[in-house]
Amino acid sequence: MNKPHILMCPPVHYGIEYEINPWMSTERQADHGLANHQWQALRQILLDAGAMISDVQPVAGLPDLVFTANSAIVFGKRAVLARFKHEQRQGEEPHFRRWLEAHSWQVDEPPADFSFEGAGDALFCGDTLYAGYRQRSDASGHQQIGEMLGVRVLPLELVDPYYYHLDTCFCPLAPDEAIYLPAAFDDYGQRVLAESIPKLHSVEEDEAKSFACNAVVVGKTVVTNIGCPELHAMLRSIGFDPIETPLSEFVKAGGSAKCLTLRLDGEEAAGWKG
Ligand code: ARG
């Protein structure tokens with residue numbers, strides 16, 4: 001079995017330099033030393049859980065490059081690159097493209113004119129691609145990406161600007177199992193999730209605010225920010241091994257554990273190979 005492979009980006013140039021989601025305020029700056037410490041700790045937990053980690057080179061002037069989840073969606077040796085909605089992040093695209101191409105991925109653009117924020121908004125649970133739209137990515141773009149990759153797509157409208165990427169309110173744990181914050185979806189989306197995922201567990205709003213759903217799953221290990229005790233108790237009861245690690249400095253940008261990682265051995269593998 002292949003080792004889980006994760007892409008990260010050291011937070012050398014990380015900071016809150018603009019405001020593109022409700023979590024961000026340029027008046028609430030990240031502590032640089034602490035951010036670096038938190039990032040290193042997350043990296044070590046993932047290494048200890050058995051992952052192999054590659055780094056994309058940090059670039060001055062691209063403070064959100066640390067959120068590698070948004071760079072692309074990876075499917076086997078193919079990657080569909082992000083097309084960021086906000087111009088502040090569009091400069092990241094060529095850097096991610098270069099890294100992926102240099103490491104032998106076939107990189108495709110998303111369909112013309114659609115914005116698409118990679119594995120932040122498109123997550124496999126089993127062989128279905130769950131795709132968040134409205135806040136950052138476009139629904140018809142997701143459908144076309146599904147056609148490009150030959151996979152079934154279930155689009156989910158994200159109704160709350162605080163949960164602007166699908167990975168802030170939904171996390172697959174296994175092909176038939178996931179956690180989610182119901183209030184981040186409309187009734188239709190909640191029904192789609194309930195009908196298509198046999199074991200669907202809801203997360204409380206106060207823990208979702210601590211980015212409980214923004215979890216990195218490596219085998220049975222589930223890594224989140226601190227402040228999610230109920231989720232962790234639930235995860236332990238169903239046989240997972242949750243680990244918390246403080247990520248306050250990244251929450252200031254609207255991100256947490258999962259946002260800081262991109263699964264390179266295929267999002268479809270996340271959660272059950274290990
Ligand atoms: N500041 C970044 C943005 O708003 C945070 C990205 C978080 N990434 C994620 N996968 N949810 O784009």
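What follows is calculated from the coordinates using simple rules that are stated; it is not laboratory data. None of these values were measured; they are calculated from a predicted model. Positions of Cβ are generated from backbone atoms using ideal geometry, with glycine treated the same way; all protein chains shown enter the neighbour counts.
Worth a mention:
- The range 172-274 holds helices (runs of 4 or more DSSP H) entirely within its bounds, and those carrying 1 or more residues that are farther than 20 Å from Gly132 by Cβ map to 205-208, 229-237, 248-251.
- Residue in the range 116-129 that is more than 16 Å from the ligand (Cβ to nearest atom), touching a Lys or Arg at 6+ places or on another chain (Cβ under 9 Å), free of Cβ contacts under 8 Å to residues at least 40 places away in the same chain and not hydrophobic (A, V, I, L, M, F, W, C) present: no
- Any hit, the range 148-156, residues being within 19 Å of Val192 (Cβ to Cβ), within 16 Å of the ligand (Cβ to nearest atom) and touching an Asp or Glu at 6+ places or on another chain (Cβ under 8 Å): no
So that you can scan it fast, the table gives a plain yes or no per residue for (1) within 10 Å of the ligand (Cβ to nearest atom); (2) in a helix (DSSP H, G or I); (3) of a type in the set (A, V, I, L, M):
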| site | (1), (2), (3) |
| --- | --- |
| Thr26 | no, no, no |
| Ala30 | no, no, yes |
| Ala35 | no, yes, yes |
| Gln40 | no, yes, no |
| Arg43 | no, yes, no |
| Ala60 | no, no, yes |
| Lys85 | yes, no, no |
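- Single residue of the range 227-263 satisfying the filter (among the polar types (S, T, N, Q) and more than 12 Å from the ligand (Cβ to nearest atom)) that is surrounded by the fewest Cβ atoms within 10 Å (Cβ to Cβ): Ser237
- Search result, residues across the range 20-38 that are surrounded by fewer than 16 Cβ atoms within 10 Å (Cβ to Cβ) and either under 12 Å from Asp64 (Cβ atoms) or of a type in the set (Asp, Glu) (or both): Glu27, Asp31
- When residues in the range 90-137 are screened for being more than 21 Å from Leu62 (Cβ to Cβ), in contact with a Cys (Cβ under 9 Å, 6 or more places away or on another chain) and not hydrophobic (A, V, I, L, M, F, W, C), 1 of them pass.
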